[in-house]
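The values are calculated or read from the model by the stated rules, or taken from the named source; none is laboratory data. Nothing here was measured: the structure is a model prediction, and the numbers come from that model. A quick note on method: Cβ atoms are made from the backbone with ideal geometry, for glycine too, and the neighbour counts reach across all protein chains shown. When the accessible area is computed, the model is the full protein with side chains, heavy atoms only, and any ligands, DNA or RNA have been set aside. Shrake-Rupley method; radii C 1.70, N 1.55, O 1.52, S 1.80 Å.
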Amino acid sequence: CGAGKTRISFEVARSLSRAWPDGARVAFLADLPVGSEIVERVAADLGVRSDPERTLEASIADWCATHEALVVMDNCEHVVGAVGALVDHLLGPTSKVTVVATSREPLRVPGELTWRLPLMLGEHPGGLATAVQLFDERATLADPRFDPSENAAAVAELCRQLDGLPLAIEIAAA
């Protein structure tokens, strides 16, 4: 929906990766077809190799028991049931992994904490200023000749019309 889930989860992973001895890892799930098996993708993104004597899911669980890492599972909404089942299996009593999953709906696993992202406009303090700042940064990257001071009123109105959605603002700014 373009609310900034991926951006915030990546910022969390970047800023907190030092808190985990094995850092942060990301499993990219956006391009997986609905109903596809996510175990192979998660294994590949974590660097877990298959073992002919074990299931791949068991190998990932072993990895989670021997690595202290933050694992971001990005864009889960279309495979939320499968991701929930996998996370529930992986985060057993021996797991040393913390999972951050980005989705429009919860995974519904024991111990899950959910955080609803505020939109830039509306409930977000300083929302319009934040939306305008994002637009100005992205527009300047797209065209260094862009002058935010010359376009302030138009940019503010555009951000209002886009409901402050970060993805929509980034596309418009480009």
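Within the range 32-39, not a single residue is surrounded by fewer than 14 Cβ atoms within 10 Å (Cβ to Cβ), over 16 Å from the mean Cα position of the chain (by Cα) and in a helix (DSSP H, G or I). Filtering the range 130-147 to residues that are part of a helix (DSSP H, G or I) and open to solvent by 80 Å² or more (accessible area, probe 1.4 Å) leaves 133, 137, 141.
Return the total of residues in the range 45-55 being closer than 20 Å to residue 80 by Cβ and either out of contact with any Phe, Trp or Tyr (no Cβ under 8 Å at 6 or more places or on another chain) or open to solvent by 40 Å² or more (accessible area, probe 1.4 Å) (or both). The number of residues fulfilling the criteria is 1. Apart from one condition, residue 126 fits all of (1) modelled with pLDDT under 90; (2) under 30 Å from residue 38 (Cβ atoms); the exception is (2). Taking the range 102-121 as the range and being of a type in the set (A, V, I, L, M), open to solvent by 40 Å² or more (accessible area, probe 1.4 Å) and modelled with pLDDT of 85 or more as the test, only 113 passes. Taking the criterion of being surrounded by fewer than 14 Cβ atoms within 10 Å (Cβ to Cβ), touching a residue at least 24 places away in the same chain (Cβ under 8 Å) and either part of a helix (DSSP H, G or I) or in contact with a Ser or Thr (Cβ under 8 Å, 6 or more places away or on another chain) (or both), the only residue of the range 10-31 that qualifies is 19. Note on the range 148-173: among residues that are open to solvent by 50 Å² or more (accessible area, probe 1.4 Å) and part of a loop (DSSP other than H, G, I, E, B), the one that is nearest to residue 6 (Cα to Cα) is 163. For first residues located in the range 132-157 and under 17 Å from residue 171 (Cβ atoms), partners that are of a type in the set (Asp, Glu) and in a helix (DSSP H, G or I) and lie 6+ apart or on another chain with Cβ distances below 8 Å form the pairs 134/170; 138/170; 146/136; 155/136. Among 55, 98, which is of a type in the set (Val, Ile, Thr), over 25 Å from residue 21 (Cα atoms) and either out of contact with any helix residue (DSSP H, G or I) (no Cβ under 7 Å at 6 or more places or on another chain) or at pLDDT 90 or above (or both)? The conditions single out 55.
Test residue 80 against the criterion of being in a helix (DSSP H, G or I), under 20 Å from residue 4 (Cα atoms) and modelled with pLDDT of 90 or more, and give yes or no. Criteria met by residue 80. Taking the criterion of being of a type in the set (S, T, N, Q) and either buried (at least 19 other Cβ atoms within 10 Å of the Cβ) or part of a loop (DSSP other than H, G, I, E, B) (or both), the residues of the range 91-101 that qualify are 94, 95.
Just the residues that are free of Cβ contacts under 8 Å to residues at least 40 places away in the same chain, of a type in the set (A, V, I, L, M, F, W, C) and under 20 Å from residue 24 (Cα atoms), please, taken from the range 74-93. If you could, list the steps in order and put the result at the bottom.
Narrowing the range 74-93 to residues free of Cβ contacts under 8 Å to residues at least 40 places away in the same chain: 77, 80-81, 84-85, 87-93.
Applying the additional criterion that residues be of a type in the set (A, V, I, L, M, F, W, C) yields 80, 85, 87, 90-91.
The answer is 87, 90, 91.
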